[in-house]
Amino acid sequence: MVLIRALEQRILTEGQILPGEVLKVGSFLNQQIDTKLLKDMGEEIARLFSSNNVTKVLTIESSGIALAYSAAVALGVPMVFAKKHKSSNLAGNILTSKVFSYTHQQTYDIMVSGDYINNDDTILIVDDFLAMGNALNGLIDIVGQGGAKLAGCAIAIEKGFQGGGDALRAKGIRVESLAIIDKMTDDSLEFRPQ
């Protein structure tokens, strides 16, 4: 609970609400990173999923990588990230899914080498934000293509008012968000009690 309150306080004091229901937290979470806060968040995610036998953490580039890395270190497992652009070192069996980015208003073909996700894996998906669930749905699709088991999804900040997390929970997918914003206007936000 202390970590959740600390994260909520950082969002309130340092977060910037931008037009289009965008919350900028670049000063501590995804451009400049508060390493102590991130370490604590990774440890909390590891605690939440400690009984799930997670073998790998999966995220999408780029702003989810730091949190996913922190969670993977705390769990003692490898971290894999989906690329948004094909590169020459990505060949062979490629797991791919289409993801619409709410922030960038663009559709990406995300991809992961099939060498890194297989039917022996139990995957925990970790990301910095959850809004409508597009990125998570794409990553869940990739987990399924690889034949792996999904442990669940861990999120730093969920925009609860956009419904993505609740839609995933309604499908029976475990979603743990460290902070959930229930309401956001141009100059204020309210957190869901946890």
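The values are calculated or read from the model by the stated rules, or taken from the named source; none is laboratory data. Bear in mind that the values here come from a model prediction, so they are computed numbers and not experimental data. Reconstructed Cβ throughout: ideal geometry from the backbone, glycine too, with neighbour counts over all protein chains shown.
Residues are listed down the side, and each one gets a yes or a no for (1) touching a residue at least 12 places away in the same chain (Cβ under 8 Å); (2) outside any loop (DSSP other than H, G, I, E, B); (3) touching a His at 6+ places or on another chain (Cβ under 9 Å); (4) crowded, with 17+ Cβ neighbours inside 10 Å:
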position	(1), (2), (3), (4)
Ala72	yes, yes, no, yes
Lys86	yes, no, no, no
Tyr108	yes, yes, yes, yes
Val112	yes, yes, no, yes
Asp115	yes, no, no, no
Leu124	yes, yes, no, yes
Out of curiosity, is Gly42 within 16 Å of the chain's Cα centre (by Cα), closer than 29 Å to Asp109 by Cα, modelled with pLDDT of 95 or more and of a type in the set (Gly, Ala, Ser)? yes
Being at pLDDT 90 or above, in contact with a Pro (Cβ under 8 Å, 6 or more places away or on another chain) and β-branched (Val, Ile, Thr), is that true of even one residue in the range 57-76? yes
Counted residues, the range 12-29 - those being touching a helix residue (DSSP H, G or I) at 6+ places or on another chain (Cβ under 6 Å) and of a type in the set (Gly, Ala, Ser): 1
The number of residues in the range 57-70 that are surrounded by fewer than 24 Cβ atoms within 10 Å (Cβ to Cβ) and outside any helix (DSSP H, G or I) is 3
Report, by residue number, each residue of the range 22-51 that is crowded, with 17+ Cβ neighbours inside 10 Å, closer than 19 Å to Lys159 by Cβ and of a type outside the set (A, V, I, L, M). Phe28, Asn30
Residue selected from the range 162-191 under the condition in contact with a strand residue (DSSP E or B) (Cβ under 8 Å, 6 or more places away or on another chain) and of a type in the set (D, E, K, R), by the criterion surrounded by the most Cβ atoms within 10 Å (Cβ to Cβ): Glu176
Evaluate the following for Ala156: is it surrounded by 20 or more Cβ atoms within 10 Å (Cβ to Cβ), farther than 13 Å from Val57 by Cβ and either out of contact with any Phe, Trp or Tyr (no Cβ under 8 Å at 6 or more places or on another chain) or in contact (Cβ under 8 Å) with a residue 40 or more places away in the chain (or both)? yes
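Could you tell me which residue of the range 149-194 is farthest from Leu38 (Cα to Cα), considering only residues that are in a loop (DSSP other than H, G, I, E, B) and among the small types (Gly, Ala, Ser)?
Taking the candidates together, the pick is Gly172.
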Quick one: would you say Phe100 is surrounded by fewer than 18 Cβ atoms within 10 Å (Cβ to Cβ), modelled with pLDDT under 95 and of a type in the set (Phe, Trp, Tyr)? yes
